[in-house]
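Below is one structure, written out as C-alpha cells, with a few remarks after it.
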Amino acid sequence: MMLQRVRRTVIAALILTLAACASYPPQKPASDYPEPIFPAKRILPPGHDDQMSVYDPWEGMNKHIYNFNYHFDKAIFLPVVQGYETVVPDFARTGIHNFFKNFDDMLSAVNSLLQLAPTKAAQSTGRVLVNSTVGLFGLLDVASLWGIPRPMEDFGQTMGRWGVGQGPYLVLPFLGPSNLRDGIGKLPDFYVRSMIQDEVLSDDVRIASTVAWPVDTRANTSFRYYETGSAFEYRMVRWLYSTKRRLDVEQ
Amino acid sequence: MTSKIRIAVRCVAGVLAYLASSIATASVVTVQNYEYPISDRFVATVVGTPVEYEAKLPSIPFEQRSIDIFPDRKTPDVFFYGKELLYSVALQDHESPLIFLIAGTGASHEGSKNRNMAKAFYQAGFHVVSTSSPTFNNFVTAASYTGVVGDAKKDAEDIYRVFEKIWAELEQDIEVSTFNVTGYSLGGFNAAYVAKLDETRQSFNFENVLLINPPVSIYNSISLLDRMINNIPGGMDNFDKFFDNLMRAYINVYKESSDAIGDDFLYKAYKALNLKDEQLAALIGVSFRLSSASLIFTSDVVVDFGFIKPKGLILNRYSNLTQYNEVANRIGFTDYYHEFFYPFYKQTEPDATRDEFIAAISLEEIEDYLRDTEKITVMHNADDIILQPGEIEFFADVFGTRATIYPTGGHCGNMSYSDNVAHMVAVFTGGGAP
C-alpha cells in the first residue's frame, strides 16, 4: 500500500520533470548572438581535444534523470535518511551498514572469481567468513580490524575485465551516475544478491533489508546533486565517474 | 576521558604559550618549539596535517540550512538550485557566544576546514554559523547583490547581509552573549572587511575577529595561483594526462589502504606518490583554476555580461555547457579582473582607474583601521604560498603582537594541527588580543 503510493509519487515526479523540458522556448543557435569577450574559437587551440570528454549520446535524457534524482532526493530520499539517522542510534546504523557490506563482499568474491583474480577472491571470501562468524552475521566488521583488504568488484568491472567497454554514460533513476555496461551489470549483481539473501535470511529480515538497504546506501553516500559548487557539475561528475571506473577495471 | 584531559591540558598550554610569547616579544609573535611535522610549504598546503598531529575533536550536530536572501530575485534556470543560500549551524542549548565562519576561495560552508573549525568552536562552547565563500557558486547566485564578486567592500556587504538575515532567523531560538567572526584564506580577508563594516552598521559589534592565512593583496595572490598551473608539463592542454596519472597513482594507494579512506589518506597518498614540488604546485593551480572557472561562468550567466557566454543567450538546466567549461578552464583569474570585473564596475564608477581598482582589493586599503583595532588578530605562516616575497612583513608591521606567525604550515596546512586549533580557540576564549 505504502510502497504503491511511493511508486505513484515517483512516477508522477518523473513525468513532471520530463514534461518540464517542453516549457523551454526554442533557442537560436549560439552563433546568432554577438561574440563573447572570450570566444571558444579564439581561446581553444585548433583541433584540440575536449580534455574531459565522455561518450554521452543520451545527455538530454541523462540530465533530465539527474534533475529528477535531485528532486527525489529532496522530497523523499534525504528526509527518509534524516529520519533514519534521528531514530536509529549510531552503533545500530554502523551494524546495519556492516551487515550490507558483508553482502557486497560476497558479490566481490563472486566477481573476483569470474575475473580470475585469486587474491581478491581470497580476500573477499576471507572477509565474509570472518565477518559472518566472529562478526556476528556481518554486524561487526572484524575483518577490517584485522586488516584484511576489501576489494570492491561488481559485475560491471567483471565485464570490463573481459573487454567490454563502458558504453554510453548513463544516469540511472535513483541510483545516479553510471554507464550502459555498469547499469546492465547491476542486474546480475542484484539477482545473485537476492538469491543469497533468500537462502540465508529469514523472511522478516529479508523484507526489512529490502527497505533498509537503499536507505543505508544513501546514508553512506555523501554525494548531493548540485552541491559540488561547480557550475559545471554534470560534466565534472561524468568525467570523474568514468575515469574512476576505467581505473577500477585496469587495476 | 583521558583524551579529554589531554585536550584540556593542550588547550591550557596553548593559551599560556600564546600569552607568554606575546608578552615576551615586542613586535610580532614568533612561535618557538613548533612541532608541526611538514616543513615543505607545498606539501603542507596540499596534505594538511597528518592525523596523529591533529587536534582530537568530537562529532557535532552540524546541520545544513538554507535561506532566501533576495526573495524577489529570479535565478537563471541553469542555476535553478542556487535560489537559496546554503549554510550550516551547530547550536548550543544555552546562552553562548556565537562565531561566524567564512570559507576560503571556492569553498563551501561544509568544506573540511569550516567543518573542523566548527567542531573546535562548538566544543569550546560557541554557537557556530558556517558560511560559504562569496566566490562559491551558490553564494554568487543566492547572495551576491551585483553577481560579480571579488570586490573587498561589496563582498563584505554581501556577507554582512547574509549574517544579518541568518541571525534574524536564529534570534528566536538561541541566546547569544557576544558575536565573533573568523575566516581562512580569502575568508580571512573578508573577515577583516566585515569587521570594518560592523563598526558603522553595528548589528553585531564583534567581540573578536581572527584572520587565518589571509592574502594581503588579492590581485598578487591570484597572480601567484594563476601561474602555478604552468607547472603542468605542456600546460592546460595536457591537463587530463596530468590528472589521469595522478588519479591512477591515487587509486593505487586507495586500493592498498583497503577501504580505510581515513583522515590520513592524503598524507599516505602523498608519501606513496612521492610528488615533487612542481607537481604539487600544479595541483594547487588546477584546484584554484577549477574554482575560478566555475565562479567566472556563474557571474557571466547571472549578469549576462557576454564574457564567455554570448550576451543574450539564455541557458537552462539541460543545456550543454562543454564549450563554456573548456574556455573557462583556460582563463586566469587575473583575466577575469581585467576583462570582466573592471569593465563591469567601471560602468558605475567611471572615474576609477584600473590600478585604483586593484589597489582597493587589499588589506593595505584599510591598514589604518587594522593597525588601531585591538579586537582583530592574525594567525599566519611564514612560508605561506599565496604571499609574494615580503608580504608576510605586512602583518608584523600592522598588527604587531596581534599577529602570530608560525614558521611552517604553508597555506592553511596547519589549521587542524592541535597547537593551531588550541590557538584559534584561545583567541576567542582567552579574552582575545592580549
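Looking only at region B:58-75, which residues are surrounded by fewer than 19 Cβ atoms within 10 Å (Cβ to Cβ) and in a loop (DSSP other than H, G, I, E, B)?
Start the filter on region B:58-75 by keeping residues that are surrounded by fewer than 19 Cβ atoms within 10 Å (Cβ to Cβ), which leaves B:58-68, B:70-75.
Scanning region B:58-75 gives B:Pro58, B:Ser59, B:Ile60, B:Pro61, B:Phe62, B:Asp68, B:Phe70, B:Pro71, B:Asp72, B:Arg73, B:Lys74, B:Thr75.
Within region B:385-434, restricting attention to residues that are touching a residue at least 12 places away in the same chain (Cβ under 8 Å) and among the acidic types (Asp, Glu), the residue that is surrounded by the fewest Cβ atoms within 10 Å (Cβ to Cβ) is B:Glu391. Which of the helices (runs of 4 or more DSSP H) contained wholly in region B:87-170 include at least 1 residues that are basic (Lys, Arg), buried (at least 20 other Cβ atoms within 10 Å of the Cβ) and in contact with a Ser or Thr (Cβ under 8 Å, 6 or more places away or on another chain)? Fully inside region B:87-170 and qualifying: B:112-123. Across region A:117-160, which residue is farthest from A:Gly95 (Cα to Cα) among those that are part of a helix (DSSP H, G or I) and of a type in the set (D, E, K, R)? Per the stated criteria, the residue is A:Lys120. Scanning region A:187-243 for residues that are out of contact with any Asp or Glu (no Cβ under 7 Å at 6 or more places or on another chain) and acidic (Asp, Glu) returns A:Asp198, A:Glu199, A:Asp203, A:Asp204, A:Asp216, A:Glu227, A:Glu233.
The rows are residues; the columns are (1) modelled with pLDDT under 95; (2) over 17 Å from A:Asp105 (Cβ atoms).
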site: A:Phe137; (1), (2): yes, no
site: A:Asp141; (1), (2): yes, no
site: A:Trp146; (1), (2): yes, no
site: A:Arg150; (1), (2): yes, no
site: A:Glu153; (1), (2): yes, no
site: A:Gly160; (1), (2): yes, yes
site: A:Gly163; (1), (2): yes, yes
site: A:Tyr169; (1), (2): no, yes
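Among the residues of region A:48-95, those that are within 11 Å of another protein chain (Cβ to nearest Cβ) and in a loop (DSSP other than H, G, I, E, B) comprise A:His48, A:Asp49, A:Asp50, A:Gln51, A:Met52, A:Ser53, A:Val54, A:Asp56.
Scanning region B:333-351 turns up no residue that is of a type in the set (Phe, Trp, Tyr), facing another protein chain (nearest Cβ under 7 Å) and touching a residue at least 12 places away in the same chain (Cβ under 8 Å).
The number of residues in region B:299-329 being part of a helix (DSSP H, G or I), within 26 Å of A:His71 (Cβ to Cβ) and touching a Gly at 6+ places or on another chain (Cβ under 8 Å) comes to 1.
No other residue among B:Leu211, B:Leu197 is in a strand (DSSP E or B) and in the same structural domain as B:Gly390 (by TED's automatic domain parsing) apart from B:Leu211. Is one or more of the residues making up region A:213-223 more than 30 Å from B:Lys83 (Cα to Cα), away from every other protein chain (no Cβ under 14 Å), at pLDDT 85 or above and part of a helix (DSSP H, G or I)? Scanning region A:213-223, I find at least one residue that is more than 30 Å from B:Lys83 (Cα to Cα), away from every other protein chain (no Cβ under 14 Å), at pLDDT 85 or above and part of a helix (DSSP H, G or I), so the answer is yes.
Just give me the residues in region B:293-324 being crowded, with 24+ Cβ neighbours inside 10 Å and either more than 7 Å from chain A (Cβ to nearest Cβ) or among the polar types (S, T, N, Q) (or both), in sequence order. Give the derivation first.
Applying the first criterion (crowded, with 24+ Cβ neighbours inside 10 Å) to region B:293-324 yields B:293-301, B:307-309, B:324.
Correct list: B:Ala293, B:Ser294, B:Leu295, B:Ile296, B:Thr298, B:Ser299, B:Asp300, B:Val301, B:Tyr324.
Taken as a whole, the structure places B:Met379 among residues that are modelled with pLDDT of 95 or more and not in a helix (DSSP H, G or I).
Scanning region A:232-251 for residues that are closer than 23 Å to B:Asp77 by Cβ and in a loop (DSSP other than H, G, I, E, B) turns up just one, A:Phe232.
The values are calculated or read from the model by the stated rules, or taken from the named source; none is laboratory data. The model shown is predicted, which means the values in this text are computed figures rather than measured ones. Virtual Cβ from ideal backbone geometry, glycine too; neighbours counted across all protein chains shown.
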